[in-house]
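Values quoted throughout were computed directly from the atomic coordinates according to the rules given, and no laboratory measurement underlies them. Keep in mind the model is a prediction, meaning the values are calculated, not measured.
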């Protein structure tokens, strides 16, 4: 069976039309999903909101810390992922994660109080029944994020002091 040039051209156009229609949906599918990465001794866990905010939990896993089996510094940032977007840092502002009726005011990371809220948020994720949590900065609601897959990240995380307390 021979395919004419016109039929071939029509099939190619149809393919690109379908590809063009599906591309926005695939990029929208990445919103509100957790991602993880590790580079230059820093491990990060990040989630994006539908309104272009990203909440990132970062841990020094040996690059700046002399012991690669023990996490050093931890950092929580919340930023708008648009040009000129605002950025918040738990070292400077009070970032509170609100899950249902539970609140985790994460600031002063490195202190026993700040660390207990950091680890409390993560250790509670497998038992959370709600699907989302809100991030507040100095009492003002900034964004809503998904908890979907957060429990899986916590369960798979090593006990090195990043998401779970070190043994």
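The table below gives the values:
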| item | result |
| --- | --- |
| Computed lengthening from residue 165 to residue 92, 0.36 nm per intervening residue step minus Cα-Cα distance | 23.9 nm |
| Contour excess over end-to-end distance, with Cα ends at residue 132 and residue 155 and 0.36 nm allotted per residue | 6.5 nm |
| Rg ratio (alpha-carbon, reference 2.2 N^0.38 Å) - region 34-156 | 1.02 |
